[in-house]
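Below: the structure, in structure tokens.
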Amino acid sequence: MNIGSLDKKVAFLSQEEVENEFKITELKPVEKLKCWARIEPARGKEYYEATKVRTESSYKITIRYRANLNESMLIQYGSRQFEIQHIVDPYERHVMLECYCTEKKRGEGAST
């Protein structure tokens, strides 16, 4: 693994119950880990949902090996959020992790 290719600072978020100022418990994303990563687009899909275009882009996010990550977490890079679909430890060597993720965006309207 070329460490120099890990050029994006990302944060791993976990959904946790947090008590707000009104003493009501709600789910909020809580930052669990910040690390350097490489973000590569995998492929894009576009399909129509009602009158809106929904675009789903797939990405492979590579980081150094961490044992405490799971598929229920989100990855945040700047204002973008990625949902983790699968986490792979290539060859089970505990050197790096490949997180296969999707980023979803919604368009304002469908073009015909």
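Quick note: the coordinates plus some simple rules give every number you see, no bench work behind them. Quick caveat: nothing in here was measured; it's all calculated off a predicted structure. Note: ideal-geometry Cβ built from the backbone for every residue, glycine included; neighbour counts use all protein chains shown.
Key figures
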quantity	calculated
Other-chain or far-sequence residues with amide H under 5 Å of Tyr65's (modelled H)	Met96, Leu97
In Hz, Karplus ³J(HN,Hα) per residue of the range 70-84 (6.51, -1.76, 1.60; θ = phi - 60°; x = Gly, Pro)	8, 6, 7, 7, 10, 10, 10, 10, x, 8, 8, 10, 10, 8, 7
Positive minus negative residues near Gln15 (Lys, Arg vs Asp, Glu; Cβ under 14 Å)	-4
Electrostatic dipole magnitude of the range 3-106 [Cβ: Lys, Arg +1; Asp, Glu -1; Cα centre; debye, to 20]	440
Greater than 21 Å apart at Cα, pairs in Lys34/Lys105; Lys8/Lys34; Lys28/Lys60	Lys34/Lys105; Lys28/Lys60
3J(HN,Hα) from dihedral phi, the range 20-32, Karplus parametrisation 6.51/-1.76/1.60, rounded to Hz, x for glycine, proline	8, 5, 9, 6, 9, 7, 9, 7, 9, x, 10, 5, 9
For Leu6, distant residues with modelled amide H under 5 Å away	none
Stretch gain in nm, segment Ser72-Ser58, where the contour uses 0.36 nm per residue and the Cα spacing is subtracted	3.4 nm
Global geometry of the range 3-106, whether rounded, prolate or oblate, following the gyration tensor of its Cα atoms and the 1.5 cut on a/c	oblate
